[in-house]
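Colleague: Sharing a structure, written as structure tokens. Questions coming.
Readers should treat all values here as calculations from the given coordinates under stated rules, not as data from a laboratory. None of the values given here were measured: they were computed from a predicted structure. Don't worry about glycine lacking a Cβ; one is built from the backbone with ideal geometry, like all the others, and counts go over all protein chains shown.
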């Protein structure tokens with residue numbers, strides 16, 4: 001079972017947790033169901049570029065077949081497309097949630113989820129985003145700005161290298177004779 005870091009920033013409060021493919025699948029598909037149109041594309045800080053592919057329809061992370069499939073409809077056409085990556089190439093996921101003051105809609109809590117995969121071409125990375133198209137007036141500006149805030153969170157944590165164990169603290173603590 002693949003485990004990876006999920007960096008999260010909520011109103012500038014950073015945290016990192018371990019994430020599994022099934023949890024990520026559930027998270028993104030729940031977000032898709034909660035909105036009319038979920039934007040899908042890539043973001044690259046080095047190139048200062050946000051590319052909008054279209055509206056995501058579904059994501060499917062299947063460890064047995066080692067596939068992450070992201071299905072979307074193109075903005076210019078009525079046809080559907082699918083982007084496929086190996087789950088083994090999934091490096092990290094991120095989630096950013098900020099309360100922002102939108103020009104038209106007032107104060108809004110806005111969430112963007114990012115998936116970063118190893119890009120076989122040149123050893124780089126490719127980062128996809130998932131963002132509600134209608135919750136704010138300028139969603140792509142939020143995608144870019146939020147990515148600047150969250151992109152490095154969790155990269156210093158590797159859940160594959162360390163494990164967690166539970167200890168019975170009652171066995172290790174000595175009884176206090178404080179009476």
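Colleague: Which number in (1) within 18 Å of residue 135 (Cα to Cα); (2) out of contact with any helix residue (DSSP H, G or I) (no Cβ under 6 Å at 6 or more places or on another chain); (3) not in a helix (DSSP H, G or I) marks the one condition that residue 110 misses?
Modeller: (2)
Colleague: Any residue at all in segment 38-53 that is farther than 19 Å from residue 116 by Cβ, touching a strand residue (DSSP E or B) at 6+ places or on another chain (Cβ under 7 Å) and in contact (Cβ under 8 Å) with a residue 12 or more places away in the chain?
Modeller: Checked segment 38-53: no residue is farther than 19 Å from residue 116 by Cβ, touching a strand residue (DSSP E or B) at 6+ places or on another chain (Cβ under 7 Å) and in contact (Cβ under 8 Å) with a residue 12 or more places away in the chain.
Colleague: I'm trying to understand the selection: among the residues of segment 113-127, which are in contact with a helix residue (DSSP H, G or I) (Cβ under 6 Å, 6 or more places away or on another chain) and surrounded by fewer than 16 Cβ atoms within 10 Å (Cβ to Cβ)?
Modeller: Residue satisfying the conditions is 118 alone.
Colleague: Next up: From the set of residues in segment 133-153 that are outside any helix (DSSP H, G or I) and in contact with a strand residue (DSSP E or B) (Cβ under 6 Å, 6 or more places away or on another chain), which is surrounded by the fewest Cβ atoms within 10 Å (Cβ to Cβ)?
Modeller: 137
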